[in-house]
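This report concerns only the one structure given below.
The values are calculated or read from the model by the stated rules, or taken from the named source; none is laboratory data. Values in this document were obtained by computation on a predicted structure and should not be read as measured data. Because the Cβ atoms are built from the backbone with ideal geometry, glycine has one as well, and the counts that use them run over all protein chains shown.
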Amino acid sequence: MPSTSKQPWSPVRHAGNGTVRLAFDQLTEGGDGEPLLVVTGLGVNRLWVPDGLCRMLAARGFAVARYDHRDSGESTHLPPAATRNPIAALFARRGDAYTAEDMADDAVAVLDALEWPSAHLLGVSLGGAVAQRVALRHPGRVRTLTSMAAVPGDVGGLRTMRFIRMGTLARFARLRFPDTREGAVAAGVAVSRLLASPGRDFDEAAAREAVERNADGGVHDQRAQSRQIGAQWHGPPISAIDRPTLVLHGEDDPLIKPLAGRVVAARIPGARLVPLPGVGHELPPAAWETITTEIRRLADCPRPARP
């Protein structure tokens, strides 16, 4: 959830990838640390990344930046495309707005704007798949890769079904809220409930407080989500990733089956899987210590020289 403290983040800036402008900012703490770029999930803006998690990363020696994908937050939103439903877009044979390569290049455009020759990547949900693709398409820009709650970045269409809990996705697709601030808040609470671990009581008051501070219409913008989820990958398989890799996955994830994390870890040479007990498709405070400790451990491991 976004922090209530004053100006924990730098003023928003924009990076360019062709005609697309990508909004990003950098945590004001830990600016001298090792560069780490956070890649967010489907539809949501960068403010959904908890400030507390980012501050903990800064305390562990990282300079943290985050950005809005195209079609989310303050970044460029593309014109409407034919597919308006995320489920239909997921199983389409090809996207009709842009490619997964375009989204991977967006991350590199942000690195360029930050003047970071390379960075550690932390990708969550859709961001995990995007981060995997950055490691494939731009390996020299990636120090380490952490993929959390993500499907393999090289699967698409019907092959994705084995990794997704279709009942949750269907409930997600059925959500309907007005295009107002109140609608965004209601949608944020509903999505937070849907993606939380079913193994613990849902704290609706805390969720509402968080989304009141970040009334992000992207959580129920199904047209934008359809364009993002429909972006198809045409590159090499994730088995070609040669960057040190950590795979995190909530054991209680109600959207992406833990099988996805196991498969990603098995297919990327040398990757290490860390299951997160009691965690759903979310970034709860109880998991921050484990997440940041494991990312620091990954960064501290000797890295093989690139050929």
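Data table
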| item | result |
| --- | --- |
| Residue identified as more than 25 Å from residue 287 (Cα to Cα) and either in a loop (DSSP other than H, G, I, E, B) or in contact with a strand residue (DSSP E or B) (Cβ under 8 Å, 6 or more places away or on another chain) (or both) among 231, 184 | 231 |
| Odd one out for residue 207 among (1) closer than 20 Å to residue 279 by Cβ; (2) modelled with pLDDT of 95 or more | (2) |
| Residue 80 at pLDDT below 95, closer than 25 Å to residue 214 by Cβ and touching a Lys or Arg at 6+ places or on another chain (Cβ under 6 Å) | yes |
| Of residues in the range 92-104 being modelled with pLDDT of 65 or more and part of a loop (DSSP other than H, G, I, E, B), the one farthest from residue 22 (Cα to Cα) | 92 |
| Hey, residue 279 at pLDDT below 90, more than 20 Å from residue 133 (Cβ to Cβ) and crowded, with 20+ Cβ neighbours inside 10 Å or not | no |
| Residue that is nearest to residue 254 (Cα to Cα) [pool: residues in the range 187-211 that are part of a helix (DSSP H, G or I) and of a type in the set (Gly, Ala, Ser)] | 192 |
| Pick from the range 234-267, criterion assigned to a strand (DSSP E or B) and not small (Gly, Ala, Ser), ranking: nearest to residue 144 (Cα to Cα) | 245 |
| Filter pass, residue 270 being exposed (fewer than 15 other Cβ atoms within 10 Å of the Cβ), assigned to a loop (DSSP other than H, G, I, E, B), in contact with a strand residue (DSSP E or B) (Cβ under 8 Å, 6 or more places away or on another chain) and in contact (Cβ under 8 Å) with a residue 24 or more places away in the chain | yes |
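A quick yes/no check of all residues on (1) charged (D, E, K, R); (2) closer than 23 Å to residue 217 by Cβ:
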{"position": "56", "(1), (2)": "no, no"}
{"position": "117", "(1), (2)": "no, no"}
{"position": "126", "(1), (2)": "no, yes"}
{"position": "137", "(1), (2)": "yes, no"}
{"position": "156", "(1), (2)": "no, no"}
